[in-house]
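Student: Sharing a structure, written as structure tokens. Questions coming.
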Amino acid sequence: YMNIGLGKQDLMETGCAFRQSLTLMWLLSVLLLLFGETLGLWFVYNKLVIPPERLGAAVWVYHFSLISILSAINQVPLMGAIVAHERMNIYAYLGLFEAFGTIDLLILYGLLMAIVSVFVWLIYAIYSVRSFTECKFRFYWNYSLVAEMSKFIGQNLFGCFAWSAGVQGTNILLNIFFGVAVNAARGITTQVDNALNQFVSNFVMALNPQITKSYASGNREYMMTLVMTGSRYSFYLLLIMVIPILFETEYILA
């Protein structure tokens, strides 16, 4: 929505899209927090298979993970502003910070993940407010825009939920039926998978603003060129990284 506003060179429309998105993300965060600290916490205590001596640590990690998720949700409008303006340098620097800002001790790991997530959100917020005039932290409600954006958000949420159900649902089932050792083994494969997907997603992220702006300005031919070229290069980039992993899987796991 911000790309479309910028493509039309309409800062008022761009600002309304930012504030409406921010408001919707706040509401979504409240709902997620209520759900997470009630039903989600009950599930951790009563359904997951966790050694009793590690239950306290697991619960702390769960709380910290919830903080990380809430921070990530509220990054969406801020990242949208940065990507729409094609300021990829700040996006890249903070991506590197997120990648290297963790260590592997359970409670400390969860705490540091939460700190990194909140810190990244703060940097995005400060940078967006200082750099873009349309980025204002104000409550905003426009019924027609809410209806339109809710459909878009709902479609994306459905995709995210389906992906999460596939990945985390599998983790929960493995935990319930086979225990934490199998979870740890799967964790290795998930890390490799996430790293590869994130690499390609970041490449596509750089193309998205130009694709949307081209559509908004009516330049359909250039838009389709970007879509086809981006898809082709994304495939080749993934292929270059996946082939060595396929041939050297045993070495990597060892």
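The rows are residues; the columns are (1) open to solvent by less than 70 Å² (accessible area, probe 1.4 Å); (2) modelled with pLDDT of 85 or more; (3) part of a helix (DSSP H, G or I).
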residue: Gln75; (1), (2), (3): yes, yes, yes
residue: Ile82; (1), (2), (3): yes, no, yes
residue: Tyr91; (1), (2), (3): yes, no, yes
residue: Leu94; (1), (2), (3): yes, no, yes
residue: Ala125; (1), (2), (3): yes, yes, yes
residue: Asn156; (1), (2), (3): no, no, yes
residue: Thr170; (1), (2), (3): yes, yes, yes
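Student: Of all residues in segment 127-141, which are open to solvent by 50 Å² or more (accessible area, probe 1.4 Å), assigned to a loop (DSSP other than H, G, I, E, B) and not hydroxyl-bearing (Ser, Thr, Tyr)?
Tutor: Lys136, Phe137, Arg138, Phe139, Trp141, listed by residue number.
Student: Considering each of Phe203, Phe178, Phe152 in turn, give the residue that is in contact with a Phe, Trp or Tyr (Cβ under 8 Å, 6 or more places away or on another chain) and free of Cβ contacts under 8 Å to residues at least 40 places away in the same chain. I'd like the intermediate steps shown before the answer.
Tutor: Numbers: Phe178 fails: in contact with a Phe, Trp or Tyr (Cβ under 8 Å, 6 or more places away or on another chain); Phe152 fails: free of Cβ contacts under 8 Å to residues at least 40 places away in the same chain.
Within the list Phe203, Phe178, Phe152, the selection yields Phe203.
Student: Would it be correct to say that Leu33 is assigned to a helix (DSSP H, G or I), aliphatic (A, V, I, L, M), over 18 Å from Ala125 (Cα atoms) and open to solvent by 70 Å² or more (accessible area, probe 1.4 Å)? Can you show your working first?
Tutor: Details: assigned to a helix (DSSP H, G or I): yes; aliphatic (A, V, I, L, M): yes; over 18 Å from Ala125 (Cα atoms): yes; open to solvent by 70 Å² or more (accessible area, probe 1.4 Å): yes.
Criteria met by Leu33.
Student: Pairs only if they're at least six apart or on different chains, beta carbon under 7 angstrom, first in segment 207-220 and touching a residue at least 60 places away in the same chain (Cβ under 8 Å) and within 10 Å of Ile4 (Cα to Cα), second open to solvent by 60 Å² or more (accessible area, probe 1.4 Å) and not hydrophobic (A, V, I, L, M, F, W, C); list them, first residue then second.
Tutor: As it stands, the answer is Pro209/Glu86; Ser214/Tyr222; Ala216/Lys8, since those pairs meet every condition given.
Student: On to the next question. Within segment 178-227, how many residues are small (Gly, Ala, Ser), surrounded by 13 or more Cβ atoms within 10 Å (Cβ to Cβ) and not in a helix (DSSP H, G or I)?
Tutor: 2
The values are calculated or read from the model by the stated rules, or taken from the named source; none is laboratory data. Every value quoted in this text rests on a predicted model; they were computed, and no experiment measured them. Here the Cβ is made from the backbone with ideal geometry for all residues, glycine too, and neighbour counts use every protein chain on show. Surface areas here come from the heavy atoms of the whole protein model, side chains and all, with no ligands, DNA or RNA. Shrake-Rupley method; radii C 1.70, N 1.55, O 1.52, S 1.80 Å.
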